[in-house]
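Peer 1: Sending over a structure as structure tokens; questions will come in a sec.
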Amino acid sequence: MGIPVLIMNKFKKIGGIIIRDKKILVVRKKGTDTFIIPGGRVEKEETSEQTLKRELFEELKVKVLSLKYFGVFTEPAAFEKDTLVELEIYNVMIIGEPLTSSEIKEYKWVDNSYKDNGIKLGSVLEKYVLPKLAEQGLIK
């Protein structure tokens with residue numbers, strides 16, 4: 001008998017980093033306490049760009065002006081047990097002021113002092129995105 005192996009489900013999401021005044025926009029879905037990067041799952045034959053444009057409009061009623069590849073990160077999903085999420089992330093310039101819509105309960109602008117304000121972030125944000133943005137001087 002070998003060592004039991006846990007098979008995890010995996011799905012792909014596309015996320016957008018939106019920065020304003022050295023803070024990043026994060027969203028919280030209804031029924032959760034964790035803030036994540038806005039975005040969502042790829043549908044059918046969508047490209048990453050099409051997915052991000054659709055999701056940001058659905059969730060925040062903003063339009064994408066431009067996007068630039070940031071990285072891909074794989075972590076346990078914040079809201080689904082025994083599931084990995086592969087998150088493909090882009091820096092995004094938007095048109096419009098964010099408004100919560102769809103499954104989004106609220107959004108906040110955060111920097112590295114988020115813990116002092118009692119804000120819980122998803123693991124990709126905490127482990128990879130915020131440190132890299134701070135290193136690049138894009139957030140406080």
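Peer 1: THR83 fails exactly one of the following numbered conditions: (1) surrounded by 14 or more Cβ atoms within 10 Å (Cβ to Cβ); (2) touching a residue at least 60 places away in the same chain (Cβ under 8 Å); (3) of a type in the set (S, T, N, Q). What is the number of that condition?
Peer 2: Evaluating THR83 over (1) surrounded by 14 or more Cβ atoms within 10 Å (Cβ to Cβ); (2) touching a residue at least 60 places away in the same chain (Cβ under 8 Å); (3) of a type in the set (S, T, N, Q) leaves (1) as the failure.
Peer 1: Does ARG54 satisfy the condition of being surrounded by 13 or more Cβ atoms within 10 Å (Cβ to Cβ), of a type in the set (Lys, Arg) and either free of Cβ contacts under 8 Å to residues at least 40 places away in the same chain or farther than 16 Å from GLY15 by Cβ (or both)? I'd like the intermediate steps shown before the answer.
Peer 2: Details: surrounded by 13 or more Cβ atoms within 10 Å (Cβ to Cβ): yes; of a type in the set (Lys, Arg): yes; either free of Cβ contacts under 8 Å to residues at least 40 places away in the same chain or farther than 16 Å from GLY15 by Cβ (or both): yes.
Answer is yes for this residue.
Peer 1: Select from segment 72-99 the residues that are among the hydroxyl-bearing types (Ser, Thr, Tyr) and under 15 Å from the mean Cα position of the chain (by Cα) and write down the one among them that is nearest to LYS12 (Cα to Cα).
Peer 2: THR74
Peer 1: Does segment 22-32 contain at least one residue that is more than 23 Å from SER113 (Cβ to Cβ), surrounded by 20 or more Cβ atoms within 10 Å (Cβ to Cβ), in contact with a Gly (Cβ under 9 Å, 6 or more places away or on another chain) and modelled with pLDDT of 90 or more?
Peer 2: No, every residue in segment 22-32 fails to be more than 23 Å from SER113 (Cβ to Cβ), surrounded by 20 or more Cβ atoms within 10 Å (Cβ to Cβ), in contact with a Gly (Cβ under 9 Å, 6 or more places away or on another chain) and modelled with pLDDT of 90 or more.
Peer 1: Something else now. Find the residue count for segment 60-96, including only residues that are modelled with pLDDT of 95 or more and not in a strand (DSSP E or B).
Peer 2: Residues flagged as modelled with pLDDT of 95 or more and not in a strand (DSSP E or B) within segment 60-96 amount to 3.
Peer 1: How many residues are loosely packed, with under 13 Cβ neighbours inside 10 Å and either closer than 15 Å to ILE17 by Cα or of a type in the set (S, T, N, Q) (or both) when one looks only at segment 115-134?
Peer 2: Step one: of segment 115-134, the residues loosely packed, with under 13 Cβ neighbours inside 10 Å are 115-118.
Subsequent filtering for residues that are either closer than 15 Å to ILE17 by Cα or of a type in the set (S, T, N, Q) (or both) retains 117.
Count: 1.
Peer 1: Before we move on, is GLU43 in contact with a Ser or Thr (Cβ under 6 Å, 6 or more places away or on another chain) and either modelled with pLDDT under 95 or part of a strand (DSSP E or B) (or both)?
Peer 2: Criteria not met by GLU43.
Peer 1: Further question: Among the residues of segment 99-121, are any under 23 Å from GLY31 (Cα atoms), among the polar types (S, T, N, Q), part of a loop (DSSP other than H, G, I, E, B) and in contact with a Lys or Arg (Cβ under 7 Å, 6 or more places away or on another chain)?
Peer 2: The answer is yes, given that some residue of segment 99-121 is under 23 Å from GLY31 (Cα atoms), among the polar types (S, T, N, Q), part of a loop (DSSP other than H, G, I, E, B) and in contact with a Lys or Arg (Cβ under 7 Å, 6 or more places away or on another chain).
Peer 1: Quick check, is GLU49 of a type outside the set (S, T, N, Q) and out of contact with any strand residue (DSSP E or B) (no Cβ under 6 Å at 6 or more places or on another chain)?
Peer 2: Yes: the conditions hold for GLU49.
Peer 1: Also, quick follow-up: From ARG28, ARG20, ARG54, which residue is closer than 13 Å to ASN91 by Cα and among the charged types (D, E, K, R)?
Peer 2: None of the other options fit; the residue is ARG20.
Peer 1: Moving to a separate point now. Applying the selection to segment 83-126, what residues are more than 20 Å from LEU56 (Cα to Cα) and in contact with a strand residue (DSSP E or B) (Cβ under 7 Å, 6 or more places away or on another chain)?
Peer 2: THR83, LEU84, ASP111, TYR114, ILE119, LYS120, SER123
The values are calculated or read from the model by the stated rules, or taken from the named source; none is laboratory data. Only a predicted model underlies this, so the values are computations on that prediction, with no experimental measurement involved. Because the Cβ atoms are built from the backbone with ideal geometry, glycine has one as well, and the counts that use them run over all protein chains shown.
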